[in-house]
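Visitor: One structure is given below, represented as structure tokens, and several questions about it will come after.
The values are calculated or read from the model by the stated rules, or taken from the named source; none is laboratory data. Computed from a predicted model, the values in this text were never measured in an experiment. Note that each Cβ is placed from the backbone with ideal geometry, even for glycine, and that neighbours are counted across all protein chains shown.
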Amino acid sequence: MPLNTLALYAFVRVLLVGVFLISTAGAGFSQADFYKGKTIKIIRGGGPGGSGEFQTRALMKFLEKYIPGQPKLMLEYIEGAAGRKATNVIYSSTRPDGLTIGSIGAGLVVGPILGLPGSAYDLDKLIYLGSTDSGDPYVFYTKASVGLDTLEKLRAASGLRLGAHSVGHPVYVTARFVAYLLNLKEPKFVTGFTGPEIYLAITRGELDAHATGAARFVVENREWIEKKLVNFHTTLTVPKGRHHPSFAHLPELGSFAKSERERKLLDMFRAFQYPRWPYIFPPGTPKERVQVIREAMRKAFADPNFPGEFNKLMGDDPAPLGGEELERAIKELPRDHEVVELYKKLAGADPFPAR
């Protein structure tokens, strides 16, 4: 090959490599720069107050710091169907441009698997960004003035009013599990509350009992504990064996299960609760923007000040999941038909099946 041809060939190669590097850097810069001067809306699947809002606010402070371009973050609430209404909006009505993030609770994963009403989305098509926590133990209590300070008295009582947000909400489901496994007599499940409203209803004597996240309860109602205004009866560890230190002395709900099917029922609940606070994008969001937000979440979770902020608002340390890990957890959720059918009966409003 002539010398001038070799020189030309080498020049073209250098030119092509340069063009490639410039275009790649430009693409990376354009994705990083996309969020500059913009506002990201976070849709919280629930009302103001309670764990859902507080864990979101704990994350927002750090997420804003680590998204390139440092866009502003704003919070919007969509209540209904344990977060499924908000998920429907994100899935079907939200532009997939990377400017709307869903902050949903564990009700996100339960709805489609159980076929609950208002679950008009495909779990496998949503895009998962991360979760601030993985599991949260629950505790069941009654108001002390009701006088049920032992399990025997609890089981002998009739018509207890148990408060919850909505049918299918984890708080509702936990209360149903407690009533079923402890053989409570004619319990009444009263829905339509936000978290703070449940506490007000208990104070006013409109409710007798409640199942809720243990860590947040300690933060919000420490005075109730110190003044013995409530009696605690059982805890449901999530993940299995993870007790809140304040309630480690209580019997675990699984100890009241009579069969392998009932034990699998609680294991399914724990699996549903493992991706505790999923953050999502709608299907079709550009992969580059997904990666930008996933990376920002990883950095937010790794920030040395994040655990302290989370603990201050939630009463417990975070156990976050990255986007890829959350996606894998969703795909591996148990879907055993027999257990699903029992779960559906208990998570809904039907009469309890025979044990």
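Visitor: Taking only the range 67-94 into account, find how many residues are out of contact with any strand residue (DSSP E or B) (no Cβ under 8 Å at 6 or more places or on another chain) and in contact (Cβ under 8 Å) with a residue 12 or more places away in the chain.
Guide: Total meeting the criteria: 13.
Visitor: Quick check on my filter: what residues within the range 233-251 are surrounded by fewer than 18 Cβ atoms within 10 Å (Cβ to Cβ) and either within 22 Å of THR142 (Cβ to Cβ) or β-branched (Val, Ile, Thr) (or both)?
Guide: Result: HIS243, PRO245, ALA248, HIS249, PRO251.
Visitor: Return the total of residues in the range 187-222 being buried (at least 22 other Cβ atoms within 10 Å of the Cβ) and either in a strand (DSSP E or B) or of a type in the set (S, T, N, Q) (or both).
Guide: Here the count works out to 5.
Visitor: Related question: Against the condition within 30 Å of ILE225 (Cβ to Cβ), in the same structural domain as THR56 (by TED's automatic domain parsing) and surrounded by fewer than 21 Cβ atoms within 10 Å (Cβ to Cβ), how does PRO283 come out, does it pass?
Guide: no
Visitor: Would you mention how many residues in the range 112-132 are more than 17 Å from PRO282 (Cβ to Cβ) and buried (at least 23 other Cβ atoms within 10 Å of the Cβ)?
Guide: 2
Visitor: I want to confirm something. Restricting to the range 152-172 and keeping residues that are in a loop (DSSP other than H, G, I, E, B) and buried (at least 21 other Cβ atoms within 10 Å of the Cβ), which single residue is modelled with the lowest pLDDT?
Guide: For the range 152-172, the residue satisfying everything is GLY168.
Visitor: Any residue at all in the range 243-254 that's hydrophobic (A, V, I, L, M, F, W, C), within 22 Å of GLY130 (Cα to Cα) and either in contact (Cβ under 8 Å) with a residue 60 or more places away in the chain or outside the structural domain of LEU108 (by TED's automatic domain parsing) (or both)?
Guide: Looking through the range 243-254, none of the residues is hydrophobic (A, V, I, L, M, F, W, C), within 22 Å of GLY130 (Cα to Cα) and either in contact (Cβ under 8 Å) with a residue 60 or more places away in the chain or outside the structural domain of LEU108 (by TED's automatic domain parsing) (or both).
Visitor: Go through the range 245-284 and give me each residue that's part of a loop (DSSP other than H, G, I, E, B), more than 23 Å from ALA215 (Cβ to Cβ) and within 21 Å of the chain's Cα centre (by Cα).
Guide: PRO282, PRO283
Visitor: If you take the residues of the range 335-355 that are out of contact with any Leu (no Cβ under 8 Å at 6 or more places or on another chain) and in a loop (DSSP other than H, G, I, E, B), which of them is modelled with the highest pLDDT?
Guide: Across the range 335-355, the extreme among qualifying residues is PRO351.
Visitor: Taking the range 53-93, which residues are of a type in the set (A, V, I, L, M) and not in a strand (DSSP E or B)?
Guide: Once the filter is applied, which keeps residues that are of a type in the set (A, V, I, L, M) and not in a strand (DSSP E or B), the range 53-93 yields ALA58, LEU59, MET60, LEU63, ILE67, ILE78, ALA81, ALA82, ALA86, VAL89, ILE90.
Visitor: Could you check, for the range 51-71, whether at least one of its residues is surrounded by 17 or more Cβ atoms within 10 Å (Cβ to Cβ), hydroxyl-bearing (Ser, Thr, Tyr), over 28 Å from GLU332 (Cα atoms) and out of contact with any Gly (no Cβ under 7 Å at 6 or more places or on another chain)?
Guide: Yes, the range 51-71 contains at least one residue that is surrounded by 17 or more Cβ atoms within 10 Å (Cβ to Cβ), hydroxyl-bearing (Ser, Thr, Tyr), over 28 Å from GLU332 (Cα atoms) and out of contact with any Gly (no Cβ under 7 Å at 6 or more places or on another chain).
Visitor: Turning to a different aspect of this structure: Restricting attention to the range 153-187, which residues are touching a residue at least 60 places away in the same chain (Cβ under 8 Å) and under 18 Å from the mean Cα position of the chain (by Cα)?
Guide: HIS165, SER166, VAL167, GLY168, HIS169, PRO170, TYR172, VAL173, THR174
Visitor: What number goes with the only condition from (1) under 26 Å from TYR180 (Cβ atoms); (2) touching a Gly at 6+ places or on another chain (Cβ under 9 Å) that PHE301 does not pass?
Guide: Answer for PHE301: the failing condition is (1).
Visitor: Okay, moving on. Looking at (1) farther than 22 Å from MET268 by Cβ; (2) in contact (Cβ under 8 Å) with a residue 40 or more places away in the chain; (3) among the hydroxyl-bearing types (Ser, Thr, Tyr), find the lone condition where THR150 falls short.
Guide: So the condition that THR150 fails would be (2).
Visitor: Just need a number here: residues in the range 263-288 that are within 20 Å of ASP124 (Cβ to Cβ) and touching a residue at least 40 places away in the same chain (Cβ under 8 Å).
Guide: Of the residues in that region, 17 qualify.
Visitor: Those residues that are among the small types (Gly, Ala, Ser) and in a helix (DSSP H, G or I), I need them from the range 285-322; list them, please.
Guide: ALA296, ALA300, ALA302, GLY308
Visitor: Let me ask you something else. Is it the case, given these coordinates, that ARG222 is within 19 Å of the chain's Cα centre (by Cα) and more than 14 Å from PHE140 (Cβ to Cβ)?
Guide: Here the answer is no, as ARG222 does not meet what is asked.
Visitor: Just the residues that are among the aliphatic types (A, V, I, L, M), buried (at least 20 other Cβ atoms within 10 Å of the Cβ) and at pLDDT 95 or above, please, taken from the range 92-111.
Guide: ILE101, ILE104 - these are the residues of the range 92-111 that are among the aliphatic types (A, V, I, L, M), buried (at least 20 other Cβ atoms within 10 Å of the Cβ) and at pLDDT 95 or above.
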